[in-house]
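Have a look at the structure below, then the notes.
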Amino acid sequence: MSQSHNNVSIYSMELGPMENFIYLIHDHASNTAAIVDPAWEVNEMLDFADARDIKITDVLLTHSHHDHINGLQQTLEHSDARVHLLKPEARFWGANLSKPVLHHGADQIKLGESLIDVLHTPGHTPGSACYKVGNDLIAGDTLFVFGCGRCDLAGGDPEEMFQTLKKLKTELPASTIIHPGHNYAPQSPTSSWQSQCQGNPFLHFDEAEDFVKYRMHVHDKIRDTPYHAVSKEDACNAIK
């Protein structure tokens with residue numbers, strides 16, 4: 001699958017047993033690319049780039065869970081690429097990376113002639129990141145189509161996730177296209193932010209207490225993949 005604009009394309013492949021999406025951000029002017037969350041059969045994406053003579057210069061990590069980074073070493077053996085992640089995630093992960101580029105939220109990464117905005121979106125892990133390229137948001141496990149990442153794993157914090165999603169709701173344009181870290185969607189693997197605001201239950205709660213109750217105690221008992229749209233009324237009724 002690809003999403004193309006005038007000067008950049010975003011390619012995705014669904015790889016591995018957990019329906020992970022691996023993304024390739026391709027800057028046309030320089031014919032360079034950043035690979036996002038290299039994992040599983042990452043050689044398929046590497047071969048895709050090689051076949052088009054695209055040079056992978058950067059690796060962007062949304063977070064450090066095994067299912068998103070288990071192809072990192074293979075990628076670095078293939079390409080002399082810089083590894084980017086957020087400073088809080090590096091502390092949480094504790095991996096001995098060779099000269100990683102550590103970021104704060106609101107940083108920008110220059111890929112050829114394209115700019116990638118780095119968003120700090122904690123909740124799934126302390127240093128979870130989303131990467132915004134024009135109108136496209138590569139969301140990792142912060143946000144799925146009509147879902148969001150778990151907060152009961154190591155480093156998870158549902159109150160932080162609530163604040164993250166609340167901030168995104170106020171800052172992202174309705175036309176933003178969401179590219180999630182896993183394919184849990186009922187139909188299209190991507191979604192507009194407008195559709196998420198209308199049907200993602202995790203965006204319906206106004207109070208942190210209600211969000212935490214739904215995320216930690218209710219959601220997994222009443223929903224399973226693929227995730228379908230949920231009205232605000234149904235989401236609020238679910239925690240009563």
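Just so you know, all these numbers are worked out from the coordinates, no wet-lab data involved. Note that the structure is predicted; figures quoted are calculated from it, not measured. Note that each Cβ is placed from the backbone with ideal geometry, even for glycine, and that neighbours are counted across all protein chains shown.
Report, in debye and to the nearest 20, how large the dipole of the chain comes out about its Cα centre when Lys and Arg carry +1 and Asp and Glu carry -1 on their Cβ.
Computed about the Cα centre, the dipole is about 440 debye.
The string of couplings for region 189-204 from the Karplus curve (6.51, -1.76, 1.60, θ = phi - 60°) is x, 10, 7, 6, 5, 4, 5, 5, 5, 7, x, 8, x, 6, 9, 8 Hz, one whole number per residue in order, with x for Gly and Pro. On a 19 Å Cα-Cα criterion, which of the cross-link pairs LYS99/LYS167; LYS166/LYS213; LYS132/LYS166; LYS55/LYS110 come out too long? The answer is LYS99/LYS167. Placing dummy labels 7 Å off each Cα toward the beta-carbon, the span from HIS66 to GLU159 is 3.0 nm. In terms of the mean number of neighbouring beta-carbon atoms within 10 Å, the peptides 192-199, 16-23, 144-151 order highest first as 144-151, 16-23, 192-199. Per residue, the convex hull spanned by the Cα atoms of the chain measures out at 111 cubic angstrom.
Here region 207-223 is scanned for amide nitrogen atoms under 19 Å from the site 7 Å beyond the Cα of LYS169 along Cα-to-Cβ, giving 207-220. Rounded if a/c is under 1.5, else prolate if a/b is larger than b/c, else oblate: which is region 154-240, with a ≥ b ≥ c the root eigenvalues of its Cα gyration tensor? Note, shape of region 154-240 comes out rounded. Shown for ILE177, ILE222: other C-beta atoms within 10 Å of each C-beta, ranked fewest to most, produce the order ILE222, ILE177.
If you keep only loop residues by DSSP, which GluC sites (Glu not before Pro) in region 136-210 have at most 13 other Cβ atoms within 10 Å of their Cβ? Intermediate results must be reported in sequence, preceding the final value.
On the way: sites: GLU159, GLU160, GLU171, GLU207, GLU209; in loops: GLU207.
Qualifying residues, ordered by number: GLU207.
Take the convex hull of the alpha carbons in region 24-165; its mean projected area over all directions comes to 8.3 nm². Residues in region 57-72 carry Karplus couplings, in order, of 9, 9, 10, 10, 9, 6, 5, 10, 5, 3, 6, 10, 10, 6, x, 5 Hz; the curve used is 6.51 cos²θ - 1.76 cosθ + 1.60 with θ = phi - 60°, and Gly or Pro positions show x.
Pairs of Cα atoms under 8 Å, at least six residues apart: use those to get the relative contact order of the chain, whole percent.
Working: 516 pairs, mean separation 32.2, N = 240.
Answer for the chain is 13 percent.
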